[in-house]
Amino acid sequence: MGQRVAGRRRRSKPTPVSRERRRAQQRAVRQRLGDAIAGVIRAAIEAALEAEVTALMGRARYARRAAAPLRRAGVRCTQWGQDWAPRLVRAGHYTRTLLTALAAVVVRVPRLGCRCRGTVPVEFATLGRYERVWGDVQERARQLAGLCLGLRDAREVLAWDNGQPLACSTLQGWGHQAAPLAAEMRGRRKRHAQWIVQHGEDLPEIRNWKWGTAR
Ligand SMILES: [Zn+2]
């Protein structure tokens, strides 16, 4: 009996953690998460750029030039206009700060050169030549606009993850790009509503539409 009481007494509550300490701790973990996410994004983008270079050159990094097939690369040396794949050489990297939806990252963008020491400008599919804000941010901005979020609110939401508020003018510019499509959508909805009133059924173009049939 005495032992049980003693045992119960030992099972006292743990020392409570102050709210400040918990917050600080969770902030620290989130910071580490953010760093890890940024690292993954950077690695994925750099790997994709590298793969594009390998495809252009027809040979992997450190592979001998003779290994490259004799074909046109589709990119041209600015000095002599040569575009044969075996003439391409890797010419280091330059760094680019890139804002993605989840993090701002610094990526190493490969540079290409020619054996004549000329430079070979490349347009990557992974990343536009002057692109500072990656496509996923624009996609999210459009989703938010689709939810009828105002510019300022959209800007806040976008900055939640990557911590980098965009200029409202940038967001507005994207909105203008999407304006013709939005107008087209509104027009179609209106036409559809009128059609239903007149004909009592859906427009022919969507009458047999089903989920999952989009290609
Ligand atoms: Zn050249």
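The values are calculated or read from the model by the stated rules, or taken from the named source; none is laboratory data. What you see is a predicted model; the values in this text were computed from it and never measured. Reconstructed Cβ throughout: ideal geometry from the backbone, glycine too, with neighbour counts over all protein chains shown.
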Quick check on Arg42: is it assigned to a helix (DSSP H, G or I), modelled with pLDDT of 90 or more, in contact with a strand residue (DSSP E or B) (Cβ under 8 Å, 6 or more places away or on another chain) and more than 17 Å from Arg111 (Cβ to Cβ)? yes
Taking region 105-131 and keeping only residues that are within 16 Å of the ligand (Cβ to nearest atom), of a type in the set (A, V, I, L, M, F, W, C) and either buried (at least 16 other Cβ atoms within 10 Å of the Cβ) or assigned to a strand (DSSP E or B) (or both), one is left with Leu112, Cys114, Val120, Val122
The correct count of residues that are free of Cβ contacts under 8 Å to residues at least 60 places away in the same chain and in contact with a strand residue (DSSP E or B) (Cβ under 7 Å, 6 or more places away or on another chain) in region 91-133 is 17
Being charged (D, E, K, R), surrounded by 12 or more Cβ atoms within 10 Å (Cβ to Cβ) and in contact with a helix residue (DSSP H, G or I) (Cβ under 8 Å, 6 or more places away or on another chain) narrows Asp161, Asp153 down to just Asp153
- Assess whether Ala145 counts as being away from the ligand (no atom under 16 Å from the Cβ), under 24 Å from the mean Cα position of the chain (by Cα), assigned to a helix (DSSP H, G or I) and modelled with pLDDT under 90. yes
Within region 50-104, residues being within 16 Å of the ligand (Cβ to nearest atom), basic (Lys, Arg) and surrounded by 18 or more Cβ atoms within 10 Å (Cβ to Cβ) number 1
